[in-house]
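Heads up, the thing below is written out as structure tokens.
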Amino acid sequence: MERLIEHANLPTRGLDALHPFVVEKREEVAGYLRTPVPVMRCRECQAQRCFIGGDICPIGNGLAALLESDPGHAFGEMVSYEADADLAVANLECPLFDGHSPIRKSGPTLKAPVCVASRIRKAGFGLLTLANNHLRDHGSDGVQSAIAACRNAAIETVGAGEHLEEAQQVKIVELAGMKLGFIGACEGVLPGDT
């Protein structure tokens, strides 16, 4: 267990005092996202599982895979972790927007069609963080479209909203009597910055 904790870049001394989670196993998984996945379980509520993934950016080949008949194909073997979880969380790295109003900026402007929200939900994700460097790639319309698409697909969101206070709210999720708080934050971009 010490080796697994060290491999996951977690502190090895005093871990129990910090939080009740332990690394159960760490596996390399194949699929569109080739990422080592630390699988964690809570000693106090072993019946509940929370999967926390990284970025979802359904563009190019990722979009094509997500739109296939089984949206789990886009996530390869990781879909089994999502399916086994009571809550699966990831970061949506682009707005879900069917319009075309890219902002002027350096770097790429990204977007994915609104219809992928239901596919992301079908793949097992129930909470998406939206605060990132691409959410405003299509301005406020893109932001509001992403929030609405997630809401319509029964996906909770954190890190974006109609106003700053809403965007800064902590999303509290309760699993087996244990409350988990999620925030969504990224570097700031001021109006007029490009």
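The values are calculated or read from the model by the stated rules, or taken from the named source; none is laboratory data. The model shown is predicted, which means the values in this text are computed figures rather than measured ones. All Cβ positions, even for glycine, are placed from backbone atoms using ideal geometry, and neighbour counts span all protein chains on display. These area figures cover heavy atoms from the full protein model, side chains too; ligands, DNA and RNA do not enter into them. Shrake-Rupley method; radii C 1.70, N 1.55, O 1.52, S 1.80 Å.
Could you give the length gained on full extension between Asp70 and Glu166, defined as 0.36 nm per residue of separation minus the Cα-Cα distance, in nm?
Working: separation 96, 0.36 × 96 = 34.56 nm, distance 3.36 nm.
Full-extension gain reported as 31.2 nm.
Taking label positions 7 Å along the Cα-Cβ direction at both Ser140 and Asn61, the computed distance is 3.9 nm, reported to one decimal. Between amide H atoms placed 1.01 Å from N, distances below 5 Å from Thr109 occur with no residue 5 or more places distant or on a separate chain. Roughly what percent of Cα-Cα pairs across region 84-177 reach past 15 Å? For region 84-177, the fraction of Cα-Cα distances above 15 Å is 58 percent. Figure note: Arg121, Arg136, Arg49 ranked by solvent-accessible area, largest first, 1.4 Å probe, ligands and nucleic acids not counted: Arg136, Arg121, Arg49.
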